[in-house]
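Engineer: Before I ask anything, here is the structure I am working with.
Since every read-out is calculated from the coordinates, none of them should be taken as a lab result. All figures in this text were calculated on a predicted structure; none of them were measured in a lab. Note that each Cβ is placed from the backbone with ideal geometry, even for glycine, and that neighbours are counted across all protein chains shown.
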Amino acid sequence: MGVNQVGEKYVCNICGNEVTVTKVGGGVLVCCGQPMDLIE
């Protein structure tokens, strides 16, 4: 699963970092060596 649209929010389950997508470029967001989870 990769980034699909602007405004999606992702969180790292290890350190708690949160990211909001401002530009879609494809791929998967990774933090602390693990894929980040989409916040729904």
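Engineer: Working only within the stretch 21-36, note down all residues that are over 13 Å from GLY2 (Cα atoms) and of a type in the set (Val, Ile, Thr).
Structural biologist: THR22, the sole residue that qualifies.
Engineer: Is it true that VAL21 is hydrophobic (A, V, I, L, M, F, W, C) and without any contact (Cβ under 8 Å) to a residue 24 or more places away in the chain? Let's see the steps before the verdict.
Structural biologist: On the way: hydrophobic (A, V, I, L, M, F, W, C): yes; without any contact (Cβ under 8 Å) to a residue 24 or more places away in the chain: yes.
Considered against the rule, which asks whether it is hydrophobic (A, V, I, L, M, F, W, C) and without any contact (Cβ under 8 Å) to a residue 24 or more places away in the chain, VAL21 comes out as yes.
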